[in-house]
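Asks: Sending over a structure as structure tokens; questions will come in a sec.
The values are calculated or read from the model by the stated rules, or taken from the named source; none is laboratory data. Values in this document were obtained by computation on a predicted structure and should not be read as measured data. Virtual Cβ from ideal backbone geometry, glycine too; neighbours counted across all protein chains shown. Note: areas computed on protein heavy atoms with side chains; ligands, DNA, RNA excluded. Shrake-Rupley method; radii C 1.70, N 1.55, O 1.52, S 1.80 Å.
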Amino acid sequence: MTTTTDQAQASPPNDEGDLLLDARGVKVHFPIKRGVVFDKTIGHVYAVDGVDLQVRRGETYGLVGESGCGKSTLGKAIIGLEPPTEGTVSIDGTDVASLKGSELRRRRKDFQMVFQDPMSSLDPRQSVESLLVEGMRAHGLASDGKKTTARLRELLTAVGLPAAALKKYPHEFSGGQRQRIGIARALAVEPKLIVADEPVSALDVSVQAQVINLLEELQGEYDLTYLVIAHDLAVVRHISDRIGVMYLGGLVEEAAADDLYAQPLHPYTRALLSAVPVPDPEAEDRREQILLAGDLPSPSKPPAGCRFHTRCPWRQETRCDDERPQLRVVEIDGVASGHRVACHWAEQIESGEIQPQVVAPTATVGDLLAGEADGSDEG
Amino acid sequence: MTDTATTPRPSRHGDEPLLSVRDLSVTFRRQGEEPFTAVDGVSFDVRPGQTVGLVGESGCGKSVTSLAIMGLLPPRGNTVEGTASFEGTDLLRLPADEMRDRRGRDIAMIFQDPLSSLNPVVSVGLQVTEVLERHRGMSRKAAQPVARELLDRVGIPDPDRRLKDYPHQLSGGMRQRALIAMALACAPRLLIADEPTTALDVTIQAQILSLLKELVEDTGTALVMITHDLGVVAGLCDEVNVLYGGRIVERGTRHELFANPRHPYTNGLLASIPRLDGARGAPLTPIRGSVADNLPWDHACAFAPRCSQPVDVCTAQTPPLEESGVRALRCHNPVR
Ligand SMILES: Nc1ncnc2c1ncn2[C@@H]1O[C@H](COP(=O)(O)OP(=O)(O)OP(=O)(O)O)[C@@H](O)[C@H]1O
Ligand SMILES: Nc1ncnc2c1ncn2[C@@H]1O[C@H](COP(=O)(O)OP(=O)(O)O)[C@@H](O)[C@H]1O
Ligand code: SF4
Ligand code: SF4
Ligand SMILES: [Mg+2]
Ligand SMILES: [Mg+2]
């Protein structure tokens, strides 16, 4: 999670040996059923629709995007909680789908998930000790009583909780402390990959930083690889080496964290970054927003062609509406080869050859309410 | 925005406060439990065309403050003290039916939880249209296209179709936006917005915040913006109140407060959030502990157990709120 390691430079990971996670062509489609007697499938939610994702050992990959774009579903598909409709996921060289029985159970411990809401992901009737030991026992890591006690103490220290916490129950802790328990539980089985789905978004601002710092410290200490899912772009930038931006089930841009924020190339990423308010009034006064019209289309009826074309201010007459852009390396001076974009016109947009259509509203709120919107003021 | 660093933006809509809250306290009493004071002597003013922010983390009393002003606290089990005068009328002492009347007309609120405030059996379009008829005196014919335009402007896609939808047919985010459209439609003189965009995506949040800005600037609505997001505050509020443990601990114009935070809590908050701009890589500086560690305000500073620079008196005496102009500070040992 530092900017100085080699891993921070994003180039497409071609050295297979260095990959911990390799997901190819992953699709997760949920059937929409209707009918009382026969479960008739009347359509699909295309929650994840063709994603390639590689994460190197020891790196932190951040996945961002708006609500409903498929981040959590992709995360679950990766750790095997949601079987992919299509595609393969391999972790540490093993195809997750091919794992069965005891082998699956044994390998399950390699990838753990940390959830957004620490309260609902921890069984309220179990003490912290029993929560932690449960996973260890399932993976045969709790056979020796003395060793287990030592390990529990080590885990608590690692996540910054007092030893007395073992005998307590989840409701006796604050949100930040509960998230620490969730992290300790994931750590207990010595995983290689942790998928953290919105690990700090339920926490208070003042406590978020504690958990972010904790995740960073533990990564160094336990050689962890992280896939962090979050909608807070500042948090993701801080924590990630590389970042993928999702829109309606697909990756639209991928780059090293610094490159993505310094030079976003996809129209959606540009709009997303321009929309984030920053806690600095001077910067706020200068901020030029790209306001998008409308809303995310439904993932059960994704638009044809580029999925962003219904909201894209740079949309062109050709290609955008009928040809789905692939994630590709762009030919722009100074842009690293690891910076990939799924937009037909990325080069022309960056050079300024293609200009955005400003979606300027025709009337201000004041005009509207004065009844001037349609020229028939009767109020 | 053209505010200067030290004075609040002179409102072009008038300098007299529209709402003046003084020493507002709310104490909850539950059987078998110690009384709990959620809001503890809060005072602030809002002028027409001005946006005043209340910022703080969860549980610091933001929602209770707004519900108390709106007369929407549960009818039993709490005591409300102080005054909230709206053009000379104390809203806290207004009979329920008069308050209800005001709420529709002069004062509107956008809630954190939108479900409770939409009528489930009336289509969204009709709800917005009716507000326009009732409050803007428009005919139905004139109101309909305006309602459509408002829904469009709050980012509800396909507004022609959505006009006919009932609240339950909309997603949570869309319901929130419908509610915002309704609040805009009544062009209230005072709008209290409690975390109006917290549940929304950033691109939609940007649309809504720019609409709220327009409303304030165009119609002179006085806006109380309640949020935990310092970014939202930095862009929108003329004046910011930082709450901690039910009390205002610091106040200033947005430029002053962010450039020169003097309360260790404000300062700590700003140091603990990752920034989209600026350098990356350095660890964040968190505030230690959590609100669970707070001391009671009676004989101490509630923040003392988490403070980065407490002094002896902090655990012996309540720091008073010292005010000078817009600036206010409650601390025995402020930053710098
Ligand atoms: N089990 C399921 N059955 C049907 N649809 C589902 C299921 N799980 C998720 N979806 C749908 O798939 C899409 C992607 O959902 P997902 O939870 O992955 O989004 P997300 O990006 O994590 O959003 P958020 O930021 O709100 O958590 C959504 O439209 C969601 O409603
Ligand atoms: N009806 C109620 N009864 C008892 N306590 C309440 C009630 N409503 C709020 N509180 C408490 O008052 C405090 C402030 O709550 P609130 O104003 O909702 O916080 P926030 O700043 O997050 O909006 C919290 O500790 C909360 O638990
Ligand atoms: S392909 Fe077209 S619609 Fe899609 S992002 Fe690029 S310009 Fe916009
Ligand atoms: S009064 Fe004391 S404990 Fe409270 S914030 Fe100021 S220095 Fe810190
Ligand atoms: Mg999710
Ligand atoms: Mg609240």
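Asks: Sort out which residues of segment B:210-231 are out of contact with any Asp or Glu (no Cβ under 6 Å at 6 or more places or on another chain), touching a residue at least 24 places away in the same chain (Cβ under 8 Å) and open to solvent by less than 20 Å² (accessible area, probe 1.4 Å), and write them in order of number.
Replies: Answer for segment B:210-231, where residues must be out of contact with any Asp or Glu (no Cβ under 6 Å at 6 or more places or on another chain), touching a residue at least 24 places away in the same chain (Cβ under 8 Å) and open to solvent by less than 20 Å² (accessible area, probe 1.4 Å): B:LEU211, B:LEU212, B:LEU215, B:VAL216, B:GLY220, B:THR221, B:ALA222, B:LEU223, B:VAL224, B:MET225, B:LEU230.
Asks: Next question, about the same structure. Which numbered condition trips up B:GLU322, out of (1) surrounded by 13 or more Cβ atoms within 10 Å (Cβ to Cβ); (2) at pLDDT 95 or above?
Replies: (1) is the only condition that B:GLU322 fails.
Asks: Quick test of your reading of the structure: B:TRP297 fulfils all but one of (1) under 22 Å from A:GLY175 (Cα atoms); (2) within 16 Å of ligand 2 (Cβ to nearest atom). Name the failing condition by number.
Replies: (1)
Asks: So which residues in segment B:280-336 are in contact (Cβ under 8 Å) with a residue 40 or more places away in the chain and among the aliphatic types (A, V, I, L, M), if there are any at all?
Replies: B:VAL291, B:ALA302, B:LEU321, B:VAL326, B:ALA328, B:LEU329, B:VAL335
Asks: Which condition from (1) open to solvent by less than 70 Å² (accessible area, probe 1.4 Å); (2) more than 15 Å from ligand 1 (Cβ to nearest atom) is the one that A:GLY70 breaks?
Replies: The failed condition is (2).
Asks: Taking segment B:161-203, which residues are more than 16 Å from ligand 2 (Cβ to nearest atom) and of a type in the set (Val, Ile, Thr)?
Replies: Answer for segment B:161-203, where residues must be more than 16 Å from ligand 2 (Cβ to nearest atom) and of a type in the set (Val, Ile, Thr): B:ILE180, B:VAL202, B:THR203.
Asks: Mind checking which residues of segment B:242-279 are within 9 Å of chain A (Cβ to nearest Cβ), in contact (Cβ under 8 Å) with a residue 12 or more places away in the chain and among the aliphatic types (A, V, I, L, M)?
Replies: B:LEU257, B:ALA259, B:LEU269, B:LEU270, B:ALA271, B:ILE273
Asks: Just checking: which of the helices (runs of 4 or more DSSP H) contained wholly in segment A:75-174 hold 2 or more residues that are surrounded by 20 or more Cβ atoms within 10 Å (Cβ to Cβ)?
Replies: Once the helices (runs of 4 or more DSSP H) in segment A:75-174 are filtered for at least 2 residues that are surrounded by 20 or more Cβ atoms within 10 Å (Cβ to Cβ), what remains is A:128-138, A:145-158.
Asks: Looking at segment B:126-148 only, could you name the residues that are surrounded by fewer than 23 Cβ atoms within 10 Å (Cβ to Cβ), closer than 21 Å to B:LEU212 by Cβ and under 26 Å from the mean Cα position of the chain (by Cα)?
Replies: Matches in segment B:126-148: B:GLN127, B:HIS135, B:ARG136.
Asks: A follow-up question, please. Kindly check whether there is at least one residue in segment A:106-113 that is within 16 Å of ligand 5 (Cβ to nearest atom) and closer than 19 Å to A:LYS192 by Cβ.
Replies: The answer is yes; a qualifying residue exists.
Asks: Give all pairs with beta carbons closer than 8 Å in which a residue from segment B:50-69 that is within 11 Å of chain A (Cβ to nearest Cβ) and at pLDDT 95 or above meets a residue that is away from ligand 5 (no atom under 16 Å from the Cβ) and in a strand (DSSP E or B); count only pairs at least 6 apart in sequence or on separate chains.
Replies: Listed pairs, sorted by first residue: B:VAL55/B:ILE226; B:VAL55/B:THR227; B:VAL55/B:VAL240; B:VAL55/B:ASN241; B:VAL55/B:VAL242; B:VAL55/B:LEU243.
Asks: Just for segment B:129-182: of the residues that are free of Cβ contacts under 8 Å to residues at least 12 places away in the same chain and of a type in the set (S, T, N, Q), which one is farthest from the other protein chains (Cβ to nearest Cβ)?
Replies: B:GLN169
Asks: Still on this model: I want to confirm something. Restricting to segment A:201-214 and keeping residues that are surrounded by fewer than 23 Cβ atoms within 10 Å (Cβ to Cβ) and more than 7 Å from chain B (Cβ to nearest Cβ), which single residue is modelled with the highest pLDDT?
Replies: A:LEU214
Asks: I've got another one for you. Over 18 Å from B:GLY281 (Cα atoms) and within 14 Å of another protein chain (Cβ to nearest Cβ): is that true of A:ALA234 in this structure?
Replies: no
Asks: Quick check: is even one residue across segment A:188-197 free of Cβ contacts under 8 Å to residues at least 60 places away in the same chain, more than 14 Å from chain B (Cβ to nearest Cβ), open to solvent by less than 10 Å² (accessible area, probe 1.4 Å) and away from ligand 4 (no atom under 16 Å from the Cβ)?
Replies: Yes, that holds for at least one residue.
Asks: Further question: Just the residues that are at pLDDT below 90 and within 9 Å of another protein chain (Cβ to nearest Cβ), please, taken from segment B:206-241.
Replies: B:ALA206, B:GLN207, B:SER210, B:LEU211, B:GLU214, B:LEU215, B:ASP218, B:THR219
Asks: Looking at segment A:36-57, is at least one residue modelled with pLDDT of 95 or more, within 14 Å of another protein chain (Cβ to nearest Cβ) and farther than 22 Å from B:ILE204 by Cα?
Replies: Within segment A:36-57 (the criterion being modelled with pLDDT of 95 or more, within 14 Å of another protein chain (Cβ to nearest Cβ) and farther than 22 Å from B:ILE204 by Cα), the answer is no, since none of the residues qualifies.
Asks: Okay, next question. Quick one: in segment A:278-328, of everything that is assigned to a helix (DSSP H, G or I) and at the interface with chain B (Cβ under 9 Å from one of its Cβ atoms), which residue is nearest to ligand 4 (Cβ to nearest atom)?
Replies: A:PRO281
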